[in-house]
1. Check segment 46-68 and report whether any residue there is assigned to a helix (DSSP H, G or I) and either in contact (Cβ under 8 Å) with a residue 12 or more places away in the chain or touching a Lys or Arg at 6+ places or on another chain (Cβ under 9 Å) (or both).
2. Could you please tell me which pairs satisfy a Cβ distance under 8 Å, a separation of 6+ or placement on different chains, a first residue in segment 92-111 that is outside any helix (DSSP H, G or I), and a second residue that is not hydroxyl-bearing (Ser, Thr, Tyr)?
3. Across segment 118-164, what is the number of residues that are under 15 Å from GLN75 (Cα atoms) and among the hydrophobic types (A, V, I, L, M, F, W, C)?
Amino acid sequence: MRIISKEAQKNKEMKSLQGSNNLKCKVMKNLSVKIVGSAMIFFFLSGLSFAQETGAETKKQARKQLKEQSMLQEQNRVNRQTRERFRDSLTEEQKAILENREMSQNEKRNAFSASLTEQQRSMLRENQEIRKQQRNEFRKNATEEQQQQMRRNRDNTRTQAGKQTRGNSRF
């Protein structure tokens, strides 16, 4: 009987261990289901939040882009009007100087500037001032990416100008 009782005792222990293992498995399954469910809800909610933020940013960018486009159109309109006003003020002699193909560019520039009236000079100064203000306004409102591009362009221009100067001095 002792043998049976030892075997019976082992069986009871095995059954209790299996029961506790089943219980542990059920607890682990419930826990993993809760963790996975929580993670899915978290990712879903964060995705919604990101989509809302992205949508708001897109709307802001679109408004800013429209504002920039309208500002550029206004600047272009002002520049066009200024050019037309200056062209209308040119005399026949000044137009002939500009159209002369026998003169070099430098000779044309010198002859043309000598022929300008004080009113035309003031128009050119005003136009230069307006363009300077427009450039400063653009630089002030430019995004970081646009500012970086402007810096790269400026550096490239300086580098190329330096190469041209050095190249000319060698010969």
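FYI, it's all coordinate maths here, none of it is from the lab. Quick caveat, the model's predicted, so the values are computed rather than measured. Counting neighbours? That spans all protein chains shown, and the Cβs are built from the backbone with ideal geometry, glycine included.
1. Yes: one or more hits.
2. From segment 92-111, the pairs are ASN100/LYS108; MET103/ILE97; MET103/ALA111.
3. Pass one, segment 118-164, residues under 15 Å from GLN75 (Cα atoms): 126-139, 141.
Restricting the remaining residues to those that are among the hydrophobic types (A, V, I, L, M, F, W, C) gives 130, 138.
Residues flagged as under 15 Å from GLN75 (Cα atoms) and among the hydrophobic types (A, V, I, L, M, F, W, C) within segment 118-164 amount to 2.
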